[in-house]
Amino acid sequence: MAEKQTATPADPAKLVTGVTKPGSDAILNVDEAIGGWKEAVGGVGVPEAQGQSLSYWLQQVRCDELISHRTTEQLPEAADTVIIGSGPSITKRLGPIRAWLCSRPGTFCSGATGRNAGHCKPDQWRGFGKYEKQFGAEQAMKSPTSAKKNVDCDLWVGDTLDVPLDAETAALARDVFDRYRAAGGKVDHVKVTADPAEARRISRLAGAQACYAWPAATLQPRKLVAHVMGVNLAAGVNLQTFTPVRRVSPYDDTKKTKEKESGEKTKNYRWTVHTDRGAIACVDVVHASNAYLPAYEPSLRGLIRPKPHMCNKVIPPLSFAGSGALRNSYGVLLRDGSLFSINPRYGADGVVMVGGSNPGQLKLDEWVAAQPAADQREGTAAARLVTDEVRQFAEAQFDGWRESAEDDGLGPGAGYEYSWSGIIGVAADGVPFVGEMPGPRGRDSGCARATAGTAWRGSLRRRRGWSS
């Protein structure tokens with residue numbers, strides 16, 4: 001097995017790698033390229049104050065008071081911990097007299113978490129070959145764990161399917177799976193269907209060459225984060241929305257000296273978080289701002305960059321509704337290493353959410369890279385690139401979809417009615433940063449932790465994470 005490189009190292013903005021087999025052009029698990037948006041637009045920028053599209057999840061919560069919540073009218077002057085961001089980093093209760101600042105200039109949980117396709121799908125085996133190449137077999141074997149809580153977030157638990165659509169991709173997937181198992185990976189819970197005809201029956205995909213099924217989940221991500229924030233607020237956390245952070249600086253030592261001279265109790269503050277509403281001193285900072293982390297932590301500039309991603313909401317035709325509704329989530333593996341990520345929201349409203357690094361997304365990347373900075377936010381043409389690919393895929397692969405859509409007429413409110421964009425943070429080595437910041441701004445000085453994106457994989461302790 002070899003690593004596939006589809007661009008020269010001299011052009012890191014277009015560097016895309018994956019796993020291949022000798023004599024084949026099929027690729028598995030292509031990394032997102034670090035490029036996609038010019039440095040002047042988003043490389044070290046902060047979120048826009050207005051003008052963003054509303055995801056399907058955000059459309060559902062317009063009456064939620066968390067949207068514009070401020071626990072206190074005034075921004076606190078000090079806190080033990082400040083967390084910049086409002087996504088899934090809020091998994092633990094922080095306790096009283098601590099502050100939480102939403103780094104977005106706008107609403108609660110309206111960044112990447114509130115804009116994804118709603119998957120909670122652990123990468124059980126597919127990334128093994130790539131991570132083995134990068135970090136060695138021991139690190140490649142490590143996987144995250146998850147726990148189920150009683151949370152009202154449209155949770156569905158069932159089989160997720162990884163489905164290669166051509167014979168060479170299927171052979172490559174089987175090779176990675178066998179290598180993972182041989183290395184000691186737990187695969188007893190993964191149901192492997194190697195017969196193409198049976199794979200087509202299970203997946204309902206016309207081109208299926210194999211099928212890998214294992215337990216996973218889908219959910220309404222914004223509702224999940226709102227539930228956790230509600231628990232935190234009850235415990236005394238201070239949430240401040242519409243409070244854009246501009247920079248983080250070391251705490252002014254002269255102020256500490258003055259406190260000592262005046263007889264005041266010396267605070268162990270280490271950092272000052274500067275916002276448009278004032279500054280707040282704190283002991284620790286947790287960076288959870290995804291693609292925008294380099295705006296607050298200069299040492300990460302060039303290592304993490306924002307990249308636009310699209311998601312489509314599809315109302316299925318009648319033959320894929322009711323008793324005919326899709327009952328599995330999908331990762332559809334294509335020959336060029338791209339994939340369609342499909343969440344049918346079975347057990348909820350039956351709306352089919354389609355995302356992933358699919359061919360339309362790859363065209364979007366090329367379109368964005370080619371546009372002058374002033375034109376990159378127009379969006380209509382870019383959205384159409386992705387939606388057209390989603391439509392073509394559904395009509396070509398789901399047996400009976402096109403015919404049913406024609407019979408239904410797909411009038412207003414049906415079909416491919418809505419899409420939206422979000423920004424993901426792409427790390428230079430394809431593995432997001434989680435853990436203590438190294439060096440003088442990190443553990444050595446008691447500084448904060450950094451997290452980029454919703455994949456929890458350590459910067460110092462690398463771990464495989466969630467697949468899209």
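So here's what we get for this one:
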{"quantity": "Filter result (touching a helix residue (DSSP H, G or I) at 6+ places or on another chain (Cβ under 7 Å) and part of a loop (DSSP other than H, G, I, E, B)) within the stretch 206-240", "calculated": "Ala206, Gly207, Ala208, Gln209, Ala210, Gln220"}
{"quantity": "Check on Gly337, surrounded by fewer than 20 Cβ atoms within 10 Å (Cβ to Cβ) and on the phi > 0 side of the Ramachandran plot", "calculated": "no"}
{"quantity": "Residues that are part of a loop (DSSP other than H, G, I, E, B) and either touching a helix residue (DSSP H, G or I) at 6+ places or on another chain (Cβ under 6 Å) or closer than 15 Å to Trp214 by Cα (or both), drawn from the stretch 159-183", "calculated": "Ala183"}
{"quantity": "Selection from the stretch 408-433 of residues that are more than 30 Å from Glu297 (Cβ to Cβ), at pLDDT below 80 and not small (Gly, Ala, Ser)", "calculated": "Asp408, Leu410, Pro412, Glu417"}
{"quantity": "Selection count, the stretch 92-111, where residues are at pLDDT below 85, under 23 Å from Cys311 (Cβ atoms) and surrounded by fewer than 24 Cβ atoms within 10 Å (Cβ to Cβ)", "calculated": "2"}
{"quantity": "Extreme residue, nearest to Val163 (Cα to Cα), among residues of the stretch 184-205 that are aliphatic (A, V, I, L, M) and in a helix (DSSP H, G or I)", "calculated": "Ala199"}
{"quantity": "Qualifying residues in the stretch 312-333 (those that are of a type in the set (A, V, I, L, M) and within 24 Å of Pro215 (Cβ to Cβ)) - the one surrounded by the fewest Cβ atoms within 10 Å (Cβ to Cβ)", "calculated": "Ala325"}
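The values are calculated or read from the model by the stated rules, or taken from the named source; none is laboratory data. Computed from a predicted model, the values in this text were never measured in an experiment. So basically every Cβ, Gly included, is an ideal-geometry build from the backbone, and we count neighbours across all protein chains shown.
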